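Working notes, beginning with the structure itself.
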Amino acid sequence: MQFTEIGAFDVAHKHLAWPWICVDPAGTRFAFASTKGTLESRVLDGDSMRDGRSFALPSDLALPTARPAPTGHLGAEKGVHGIAISTSGELAAITGTVGGKSVVVTLGADGEKSRTALADLWGEEFIAHAITFDRSGKRLWISAESGTETAIVLVDAETHTFIGAVKSAPFPPPAAHELHVHPHDDAVLLLAACGQDGTFARVAGFTDGPPVAIATAMDDGSVSAGLVGFSADGARVHIVEADELRTHAWPGLQELSSVELADDFASSYSGVVMGERVYVDGEDVDTGDVDAVMLFDRSAMRGVVLTPPVPTGMWVGRIGGDMLITVEAKGEPARGRVLRFPAPTN
């Protein structure tokens, strides 16, 4: 396949929980922790990337020296657990643990703007595991657990005024949380990867008031899978298992179709949607640990394995209409790249 590298950067991830890089809901910029103790942002500028705002990390929320404790455990190591960048690029947000308390912090270019312990939001002890701005940049979605409950929380991005929370049953531990903002609706998809117990989903949305839960076909779990992306119109959600690509309806996540991947292809539980093209990242199982990519049309039923070379490293997500962010899994700092995908030729 054809692709062009348009930019590179170094990510100081240490033991920061994946994803190490956050993309804003509009897909116009991203942010990552640097070796300077800051969150650095990059902005899509036509055919290239340029530097955006730099945000100093609070001294008591430096990158962790140990992995965050398993989901639901309230004694997690101090440090940053999740990062987010607003579409305007003027605000960043982080979650972390200080003194045994899970906190959310909003940062501006001139420093910390506000900090709130989750327990102070509604009087209950929760640990935050993922965070993202909503489409407007005025609110923050936070995914948290207490050990007995899961909560998707919505707060004002600058003041942390509590707007509401949607609670549900806890996930089988340890759970890796990822929040994905819908491209058109004021709603968020939470996917929790729970190892051998599979992948669970939660969907929450809001209008003028607190968030409400939207029941889905994946609330009680499914086979281990990862998000590829939303369709361009937002009506479908593409999810990939190790050997199968599934398409679900939004927002109830009822399965609409599924197709097996190529016989010699195993997915990496990731991919991107670029307009009418659906890409799935994986590897060639015959040759062993060799990166491979499958391309599907908008139906997500007809796919082919693309001719090498293909992007290496872990796929973070799409930025712009035809660019992919990747990061090498090894090394500290890790090497991140932005790659442009031209229209396919095979």
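The values are calculated or read from the model by the stated rules, or taken from the named source; none is laboratory data. Bear in mind the structure is a predicted one, so any value in this text is a computation, not a measurement. Positions of Cβ are backbone-derived with ideal geometry, glycine not excepted, and every protein chain shown enters the neighbour counts. For accessibility, only protein heavy atoms count, side chains too; no ligands or nucleic acids. Shrake-Rupley method; radii C 1.70, N 1.55, O 1.52, S 1.80 Å.
Structure values in brief
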item: Filtered residues of the stretch 118-138 (kept if outside any loop (DSSP other than H, G, I, E, B) and either surrounded by fewer than 17 Cβ atoms within 10 Å (Cβ to Cβ) or in contact (Cβ under 8 Å) with a residue 40 or more places away in the chain (or both)); result: ALA119, ASP120, LEU121, TRP122, ILE127, ALA128, HIS129, ALA130, ILE131, THR132, PHE133
item: Scope the stretch 323-346; condition in a loop (DSSP other than H, G, I, E, B) and either out of contact with any Phe, Trp or Tyr (no Cβ under 7 Å at 6 or more places or on another chain) or over 14 Å from GLY7 (Cα atoms) (or both); matching residues; result: GLU328, ALA329, LYS330, GLY331, GLU332, PRO333, PRO342, ALA343, PRO344, THR345, ASN346
item: Extreme residue, surrounded by the fewest Cβ atoms within 10 Å (Cβ to Cβ), among residues of the stretch 86-97 that are more than 11 Å from ARG115 (Cα to Cα) and β-branched (Val, Ile, Thr); result: THR87
item: Single residue of THR87, THR38 found to be over 20 Å from MET314 (Cα atoms), at pLDDT below 95 and in contact with a Ser or Thr (Cβ under 9 Å, 6 or more places away or on another chain); result: THR38
item: Scan of the stretch 294-342 for residues that are touching a residue at least 40 places away in the same chain (Cβ under 8 Å), aliphatic (A, V, I, L, M) and either in contact with an Asp or Glu (Cβ under 6 Å, 6 or more places away or on another chain) or open to solvent by 50 Å² or more (accessible area, probe 1.4 Å) (or both), ordered by number; result: MET301, VAL304, VAL305, VAL310, MET314, ALA334, LEU339
item: Which listed residue is of a type in the set (A, V, I, L, M), closer than 25 Å to THR326 by Cα, modelled with pLDDT of 95 or more and surrounded by fewer than 17 Cβ atoms within 10 Å (Cβ to Cβ), from ALA242, ALA249, ALA235; result: ALA242
item: Whichever residue in the stretch 144-170 is among the polar types (S, T, N, Q) and either farther than 18 Å from GLY96 by Cβ or modelled with pLDDT of 95 or more (or both) and, among such residues, is surrounded by the most Cβ atoms within 10 Å (Cβ to Cβ); result: THR150
item: Test: residue in the stretch 197-212 that is at pLDDT 95 or above, farther than 23 Å from LEU140 by Cα and surrounded by 21 or more Cβ atoms within 10 Å (Cβ to Cβ); result: yes
item: Residue check for LEU16: touching a strand residue (DSSP E or B) at 6+ places or on another chain (Cβ under 9 Å) and outside any strand (DSSP E or B); result: yes
